[in-house]
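Below is one structure, written out as structure tokens; comments come after it.
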Amino acid sequence: MKLTRRSLLLTAAVAPAVAQAPSVRAKTTLAGQRQPGRRFEGEALREIAFPLGGIGTGTVSLGGYGNLRDWEIFNRPNKGGALPMTFVALRLQGGGLKAPLIRVLERQPHPPFTGASGVPRETALGLPRLREAVFTGAYPFAHVAFLDPGLPVEVSLEAFNPMIPLETDDSSLPVAILTYRLRSRAPSPLRCALAFSIMNPVGYDGVTRLRGRRAPFFGQNVNRPRREGELAGLFMTSEKYFPDSTRYGSMALATRESDLSWRMRWEHGRWWDEFHRWWDEFLEKGRFPDLEAPPSAEGETEYATLAVHFELLPASTRDVTFVLSWHFPNTELYWTGEADQRGRPLRNHYGTRWRDAWEPAAYVLGNLDSLRRRSLRYRDLLWNSTLPEAVKDAVSSQASIIRTNTVMVMENKLTLAFEGCNDNVGCCPMNCTHVYNYEQALAHLYPDLERSMRETDFLVNMRPDGSMSFRTPVPLRPGGNRMFPAADGQMGCIMKVYREWRLSGDDDWLRKLWPEVKRALEYAWTSWDADRDGVMEGEQHNTYDIEFYGPNSMMGTLYLGALEAAARMARHLGDHEAAKRYAELRQRGSRLLDQLLWNGEYYIQKVDANNEKAQRYQYGEGCLSDQLLGQWFAEVVDLGKLLPADHIRTALASIFRYNFRSDFSDFANVQRIYAINDEKGLLLCTWPRGGRPALPMVYSDEVWTGIEYQVAAHMFYEGMIKEGLAIVEAVRARYDGVRRNPWNEIECGHHYARALASWSLLTALSGFAFSAPDKEMRFRPRLRRSEFRALYSAGVAWGEYRQRATKEGLEAEITVEGGRLELVRLGLPFSGPKAQVTTRGPARATVRDGEALIEWPEPVRIEAGQRLRVTLKPA
């Protein structure tokens, strides 16, 4: 039969798909199940690397072909890093086959096939593979449907790592869970063996390109079979390193299958003998001899194989699950410039939870149903929502950043985060305050880790003069580093404290930080706003790695947001004098900033012409995409308008009109290149009225996904759905699997933290706001649909919000999946002048500005697994 794409799809019963669409829903899989997520095939598989690993544990990625790639479990990035001879192979016998056959469970690779000696043999790409694959990703789940009409079985793979909002420990497991599903198409029983081969990498430096099992850091590597109750598998260690070494650790490959065979060391020999003998043994015998092995020689490690054996009856289906786990408890301090500290081992948090790699594997297999069910619930509430597909894809895919080497969790849950990751080292350490102004996902999904960052900001990095170190040196030291403070980062941190307090409702935590919050805010009066008029004029270091001189609305709105947030926190804590002072300054600053900078279309910068340093890297009359950054943040944390509402909308429209490009083919950019040729994207700054400086702000011609998401979300908050969605779709079209990896948005490094602004797309479109101290929750969907569904994560609880608009009014439902909600007020959309409410317990509703505010005399408690229903009708 001639092999065509059509025959492949028809034979495998897989519906046609669009490989390069920004986001499409998979219709069926080989097993006939619907899989939510974004779907890829053909050339779009090439760049996919889907991170599998917990928060602070590092990851190994699942490639688009079904291969394991980018082994970044050794406490540092390792793009392109591969473990030689690590693959999963299926052997089939019987079922009408004339002879046994073996297939590596990966798609055949695409060209090019280059190299001085051909394709590197340690990839095992010389073994037969499957003809085609369809990859569907809905983080944290990946699904690969393999297509090969020549096989008597249908094969698919599900891969994930548990990810459950608010449950940090169960979302920080150092594992990759791989479940292979086989469905027989054979007329008679098949004898199957699924063999997982892996190199023991203990001792690996996480950087060197491995070309085989020999390297100076290997030696005394030990592979042992292990069985404990229903759990069995392979345990990999090394006797070469002491427990305090950064090379110390272990790995495990575990399963609950009972019929196993193994080889703890491939049979040695010259030339290609090891691989030849492995292939011949597996093909001819179908089982391995259950041989153990001594420690490896110095400078060497070993390959090992664990095989699962079973019979597959005609038309039957069988799942086989492997848990790959790791335990490398000591992180090397490689990023410091201090010679006496460089190379120092730092204990990571997951290393303190487990003694070795076997323990997390046992925990996962013992709790797999619960971990998978709760993770699926998170995935499904997001992907089954009524949000646009590109928005779901952006929110889902970029949450993976939290689990990469961008975010480290050290002993005692100290959160340390790079801005992103270069190929082999973290980029721009640590906890950069201005970059993390944009990040919203960690704060809503794992607020305990976000609060750790605030404690470092205010209890460690504050200096005697009230300035804050905008980067965190490691080891921690009072006052942080000796660099100048960042105006945007310091003001943003005040807004972040407000956010963390609202999401947690922890007054004691707020009181602990409050004296330092006040000092951080009032430092502005000694430097950036020396005349205390509510507008920053001084030298303002910022996220563009430059200083702005003179008033500008990017710094200005963050300052106004910090003043408003501080006034509200002060009022709650009874610090009424400070509350009054901050509120008055905020009001004065709002008026003055608008008067100074509004040009009728957008907000500009008034460059301080008297300062010689201001002769370069300013934006002046330009239209800056970040000009309303503080207002966007104010919307996320429900602080209200900091500038006139009509000016905000006009400025956003101008940003879209002037800064969004539908094609870059004729655009000249000498800066870093993140959008090219026929791609679409939002420039950081343009000069539609002229006046572009000879040396403009240094990143003006670049396109950053984090700023694109921030602007798009702000547009959603203002009801500009079409414009915001065009920006989001442009981002995800650039990350289509052909051009770039959809699970790795790049700025200054891979998995760049600014892209976590994508979470605000969800809060904006759902109109979500929550205050634990006030026991108040609000939803005001911006999408005008009669049916609306969306995930929420509120710091103390997470679940789903649903509403259905009827001729009679509104029916709404809040479900709690985890945590607990206590509410005394609930805001919902309502168009009538008065509302009658039906809900749990006595309640009354007051309508104002299109919102019905429902109030209970006593808190309504909604536990996990419960729901609150509300019906609103015209009174």
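Val535 meets the conditions (1) over 21 Å from His647 (Cβ atoms); (2) part of a loop (DSSP other than H, G, I, E, B); (3) of a type outside the set (Phe, Trp, Tyr) in every case but one. The failed one is (1).
Could we say that Glu439 is over 18 Å from Gly480 (Cβ atoms) and out of contact with any His (no Cβ under 8 Å at 6 or more places or on another chain) here? Let's see the steps before the verdict.
On the way: over 18 Å from Gly480 (Cβ atoms): yes; out of contact with any His (no Cβ under 8 Å at 6 or more places or on another chain): yes.
Yes.
A Cβ distance below 6 Å, combined with a sequence gap of six or more or placement on separate chains, defines the contacts here; from region 126-141, residues that are aromatic (Phe, Trp, Tyr) reach residues that are open to solvent by 10 Å² or more (accessible area, probe 1.4 Å) in the pairs Phe141/Arg379.
Starting from residues that are hydroxyl-bearing (Ser, Thr, Tyr) and touching a strand residue (DSSP E or B) at 6+ places or on another chain (Cβ under 7 Å), keep the ones in region 158-192 and report whichever is surrounded by the fewest Cβ atoms within 10 Å (Cβ to Cβ). That would be Ser188. Among the residues of region 591-612, not a single one is among the hydroxyl-bearing types (Ser, Thr, Tyr), at negative phi, at pLDDT 95 or above and open to solvent by 10 Å² or more (accessible area, probe 1.4 Å). In region 700-719, the condition of being at pLDDT 95 or above and surrounded by fewer than 18 Cβ atoms within 10 Å (Cβ to Cβ) is met by at least one residue.
Looking at Thr846, Thr871 in this structure, which one is modelled with pLDDT of 95 or more, over 35 Å from the mean Cα position of the chain (by Cα) and within 19 Å of Glu800 (Cα to Cα)?
On the way: Thr846 fails: within 19 Å of Glu800 (Cα to Cα).
Just one listed residue meets the conditions, Thr871.
Inspect region 247-257 for any residue being open to solvent by less than 30 Å² (accessible area, probe 1.4 Å), outside any strand (DSSP E or B) and closer than 22 Å to Lys79 by Cβ and give the result as yes or no. Checking region 247-257: at least one residue is open to solvent by less than 30 Å² (accessible area, probe 1.4 Å), outside any strand (DSSP E or B) and closer than 22 Å to Lys79 by Cβ. Within region 845-858, being open to solvent by 40 Å² or more (accessible area, probe 1.4 Å) and assigned to a strand (DSSP E or B) holds for Thr846, Arg848, Leu853, Glu855, Pro857, Glu858. Of everything in region 81-109, what is farther than 20 Å from Arg129 by Cβ and open to solvent by 20 Å² or more (accessible area, probe 1.4 Å)? Give them in sequence order. Matches in region 81-109: Gly94, Gly96, Lys98.
Conditions tested, residue by residue: (1) part of a helix (DSSP H, G or I); (2) in contact (Cβ under 8 Å) with a residue 24 or more places away in the chain; (3) open to solvent by 60 Å² or more (accessible area, probe 1.4 Å).
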site	(1), (2), (3)
Arg265	no, yes, yes
Trp271	no, no, yes
Phe282	yes, yes, no
Phe288	no, yes, no
Thr305	no, yes, no
Val308	no, yes, no
Glu311	no, yes, yes
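Each row is one residue, and each column tells you yes or no for (1) within 17 Å of the chain's Cα centre (by Cα); (2) of a type in the set (Asp, Glu); (3) not in a helix (DSSP H, G or I).
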{"site": "Glu359", "(1), (2), (3)": "no, yes, no"}
{"site": "Leu365", "(1), (2), (3)": "no, no, no"}
{"site": "Leu382", "(1), (2), (3)": "yes, no, no"}
{"site": "Thr386", "(1), (2), (3)": "no, no, yes"}
{"site": "Asn412", "(1), (2), (3)": "no, no, no"}
{"site": "Thr415", "(1), (2), (3)": "yes, no, yes"}
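Tell me the residue from Asp638, Asp678 that is surrounded by fewer than 24 Cβ atoms within 10 Å (Cβ to Cβ), in contact with a Ser or Thr (Cβ under 9 Å, 6 or more places away or on another chain) and in contact (Cβ under 8 Å) with a residue 40 or more places away in the chain, please. After ruling out the rest, the residue left standing is Asp638.
Can you name every residue in region 658-667 that is open to solvent by 20 Å² or more (accessible area, probe 1.4 Å), farther than 17 Å from Ala712 by Cβ and touching a residue at least 12 places away in the same chain (Cβ under 8 Å)?
Restricting attention to region 658-667, the residues satisfying the condition of being open to solvent by 20 Å² or more (accessible area, probe 1.4 Å) are 658, 660-663, 665-667.
Narrowing further to those that are farther than 17 Å from Ala712 by Cβ: 663, 665-667.
Within region 658-667, Asp663, Ser665, Phe667 qualify.
Restricted to region 373-412, and to residues there that are basic (Lys, Arg) and touching a strand residue (DSSP E or B) at 6+ places or on another chain (Cβ under 7 Å), the residue that is surrounded by the fewest Cβ atoms within 10 Å (Cβ to Cβ) is Arg377.
Taking the residues in region 775-796 that are assigned to a loop (DSSP other than H, G, I, E, B) and free of Cβ contacts under 8 Å to residues at least 60 places away in the same chain as candidates, determine which candidate is most open to solvent (accessible area, probe 1.4 Å). The selected residue is Arg784.
Quick check on this structure: which one of Pro162, Pro189 is in contact with a Gly (Cβ under 8 Å, 6 or more places away or on another chain), of a type outside the set (Phe, Trp, Tyr) and more than 28 Å from Ser250 (Cα to Cα)? Result of the check over Pro162, Pro189: Pro189.
Taking the residues in region 828-844 that are open to solvent by 100 Å² or more (accessible area, probe 1.4 Å) and among the polar types (S, T, N, Q) as candidates, determine which candidate is nearest to Arg789 (Cα to Cα). For region 828-844, the residue satisfying everything is Ser831. Summed over region 232-246, the residues that are under 31 Å from the mean Cα position of the chain (by Cα) and part of a strand (DSSP E or B) give a count of 5. When we screen Arg477, Arg463, Arg532, Arg502 for residues that are modelled with pLDDT of 95 or more, open to solvent by 10 Å² or more (accessible area, probe 1.4 Å) and under 30 Å from Val207 (Cβ atoms), the only hit is Arg477. Scanning region 548-589 for residues that are in a helix (DSSP H, G or I), out of contact with any Asp or Glu (no Cβ under 8 Å at 6 or more places or on another chain), open to solvent by 10 Å² or more (accessible area, probe 1.4 Å) and without any contact (Cβ under 8 Å) to a residue 60 or more places away in the chain turns up Arg571, His576, Glu577, Lys580, Arg581, Glu584, Gln587.
Mind listing whichever residues of region 35-58 are polar (S, T, N, Q) and either at pLDDT below 95 or out of contact with any helix residue (DSSP H, G or I) (no Cβ under 6 Å at 6 or more places or on another chain) (or both)? Steps first, please.
Looking only at region 35-58, we keep the residues that are polar (S, T, N, Q), and these are 35, 57.
Once the filter is applied, which keeps residues that are polar (S, T, N, Q) and either at pLDDT below 95 or out of contact with any helix residue (DSSP H, G or I) (no Cβ under 6 Å at 6 or more places or on another chain) (or both), region 35-58 yields only Gln35.
Within region 250-301, being closer than 22 Å to Ala124 by Cα and aliphatic (A, V, I, L, M) holds for Met251, Ala252, Leu253, Met264, Leu283. Only residues that are open to solvent by 30 Å² or more (accessible area, probe 1.4 Å) and not in a helix (DSSP H, G or I) were counted in region 641-657, giving 2. All conditions but one from (1) open to solvent by 30 Å² or more (accessible area, probe 1.4 Å); (2) in contact (Cβ under 8 Å) with a residue 24 or more places away in the chain; (3) out of contact with any Ser or Thr (no Cβ under 8 Å at 6 or more places or on another chain) apply to Ser316; the one that does not is (3). Each residue in region 321-346 was checked for being farther than 23 Å from Thr86 by Cα, open to solvent by less than 30 Å² (accessible area, probe 1.4 Å) and not in a loop (DSSP other than H, G, I, E, B), and 3 pass. Within region 137-157, the only residue that satisfies the criterion of being open to solvent by 10 Å² or more (accessible area, probe 1.4 Å) and over 30 Å from Lys98 (Cα atoms) is His143.
The values are calculated or read from the model by the stated rules, or taken from the named source; none is laboratory data. Just so you know, these numbers come straight off a predicted model, no measurement behind them. Please note: Cβ atoms are built from the backbone with ideal geometry, for glycine as well, and neighbour counts cover all protein chains shown. Protein only, heavy atoms only, side chains kept; ligands, DNA and RNA dropped before computing areas. Shrake-Rupley method; radii C 1.70, N 1.55, O 1.52, S 1.80 Å.
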